[in-house]
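First up is the structure itself, then whatever we jot down about it.
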Amino acid sequence: MIDATRFGKVAVLMGGDSAERDISLLSGGAVLESLVKQGVNASALDTTEWAQTLIQGEFDRAFIVLHGRGGEDGVMQGLLQSLNLPYTGSGVLGSAIAMDKMRSKCLWQAHQLNTPKFQVIEEGCDWAALVAALGLPVAVKPATEGSSVGISKVSQEDDLPAAYAKARAYDTAVIAEQWITGRELTCTVLHDECLPLVEIETESEFYDYQAKYESDATQYHCPVSLPSVLTNQLQAMSRRAFDCLGASGWGRVDLILDESEQPFLIEVNTVPGMTSHSLVPMAAHAAGYSFDELVIKILETSLKSKGAPGRRQP
């Protein structure tokens, strides 16, 4: 049995107005149901209608289940910190950097952590020069979106302008990234622990939005069939990648293991999905945690300081 009273009154922040709103509502609903079932005094707040309730001080802490911009990028974290309201997961800096794929990759490169080559794309880009630098195919993606929103795999130079326009509709910053063919893997970080790796197999060209949230054909393998030495190396690399972005508490690191078993870091998610198709609950299950235990362990990350004074812990 947990001591639910130590958390006080918990606001489960979900929804919002990002491109990932629908998934956030599903994740938030699952988290809320689990908390209430375990006796935690928790209430849902859709962050299209949240401000006055938080400012009035009705809650003791926040469980952030907001995916994408406005919730996963440091904006909500900054607000909560200014209100001295403890919250789950990464702080302002870690959230903001992890959400920005371009700056994440720059930091990884500075720390000698392997990530696919990339270039920032702008209006009037020299497409031939881009292809010469990165080769084909490439992934064209918004720099600060999640859930594979706005991403295209481009195999012909003539298709690059349309892919850029698609990504540009979601973000002013767009990157083209060297395409890596191999096994898609993810590593969950929970407190100071790396959970078992998950491998994703999809019938789509890549693990896109439809494959993540809608397809029943996507297959997941956990634990992954890899030598233990390589598994340990991938977990250690994931933890370094997570830490060097300033992320903390919990999150998910996505990688691709190419055909020569060389790993490439793709991105870090600081507020991963918590739906029936989500990867973190799968990894937690393989580690011996029930969904309810996982939710409590995530909520416990709100008990740790993020560099600013918080409210008195109940």
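Relative contact order of the chain, please, whole-number percent, based on alpha carbon pairs below 8 angstrom and at least 6 residues apart.
Details: 646 pairs, mean separation 67.4, N = 314.
The normalised contact order for the chain reaches 21 percent.
Please rank LEU279, LEU185, fewest neighbouring Cβ atoms within 10 Å first, as an exposure proxy.
On the way: LEU279 27, LEU185 23.
Least to most surrounded, the residues fall as LEU185, LEU279.
Quick one: compute the contact order of the stretch 118-178, relative version, from alpha carbon pairs under 8 angstrom and 6+ residues apart, as a percent. Could you put the intermediate results ahead of the total?
Working: 105 pairs, mean separation 28.3, N = 61.
Reported relative contact order: 46 percent.
Given axes a ≥ b ≥ c from the Cα gyration tensor, I'd like to know whether the stretch 118-178 is rounded (a/c under 1.5), prolate (a/b larger than b/c) or oblate. Could you put the intermediate results ahead of the total?
Working: a/c = 1.71, a/b = 1.49, b/c = 1.14.
Here the stretch 118-178 falls in the prolate category.
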Exposure-ranked with fewest Cβ neighbours within 10 Å first, TRP127, TRP250, TRP50 stand as TRP127, TRP50, TRP250
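Beta carbons within 10 angstrom, averaged per residue: use that to sort the peptides 14-24, 64-74, highest first. If you can, show how the numbers build up before the last one.
Values: 14-24: 22.3, 64-74: 26.4.
The most tightly packed comes first, giving 64-74, 14-24.
With +1 on the Cβ of every Lys and Arg and -1 on the Cβ of every Asp and Glu, and nothing else charged, how large is the dipole of the chain about its Cα centre, in debye rounded to the nearest 20? Walk me through the numbers before you get to the answer.
Values: 24 positive and 40 negative charges, 260 e Å.
The calculated dipole for the chain is roughly 1260 debye.
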Explain nothing, just compute: Karplus ³J(HN,Hα) = 6.51 cos²θ - 1.76 cosθ + 1.60, θ = phi - 60°, for every residue of the stretch 79-84 in order, whole Hz, x for Gly and Pro. 4, 4, 5, 5, 8, 6
With +1 at each Lys and Arg Cβ and -1 at each Asp and Glu Cβ, the charge dipole magnitude of the stretch 118-178 around its Cα centre, to the nearest 20 debye, comes out at 200
Picking from LEU25, LEU299, LEU130, which is most flexible by a Gaussian network model of the chain using Cα springs under 10 Å? LEU130
So for THR188, THR275, THR270, fewest C-beta neighbours within 10 Å to most, what's the order? THR275, THR188, THR270
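Can you give the Kirkwood hydrodynamic radius of the chain from its Cα pairs, in Å with one decimal?
19.9
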State which entries of LYS9/LYS297; LYS117/LYS153; LYS105/LYS141; LYS141/LYS306; LYS101/LYS304; LYS101/LYS297 exceed 20 angstrom in Cα-Cα distance in the structure shown. LYS141/LYS306; LYS101/LYS304; LYS101/LYS297
Dipole of the stretch 223-298, positive end: most advanced residue of THR275, GLY288, GLN235 [Cβ charges, Cα centre]: GLY288
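Can you tell me what percent of all Cα-Cα pairs in the stretch 7-88 are more than 21 Å apart?
Numbers: 649 of 3321 pairs.
It works out to 20 percent of all Cα pairs.
For the chain, what does -39500 (n - 2.57) per DSSP helix run (n ≥ 4), summed and divided by total residues, give at 222 nm, in deg cm²/dmol to the nearest 500?
Helix contribution divided over all residues of the chain: -9500 deg cm²/dmol.
I need the calculated FRET efficiency for the pair ALA132 and ASP17, taking r as the beta carbon distance and R₀ as 41 Å, to the nearest 0.05.
On the way: r = 39 Å, r/R0 = 0.96.
Approximately 0.55, to the nearest 0.05.
Only the coordinates and a few stated rules stand behind these numbers; no lab work does. Please read all numbers here as calculations on a predicted model, not as lab measurements. Heads up, the Cβs are rebuilt from the backbone with ideal geometry, glycines too, and the neighbour counts pull from every protein chain shown.
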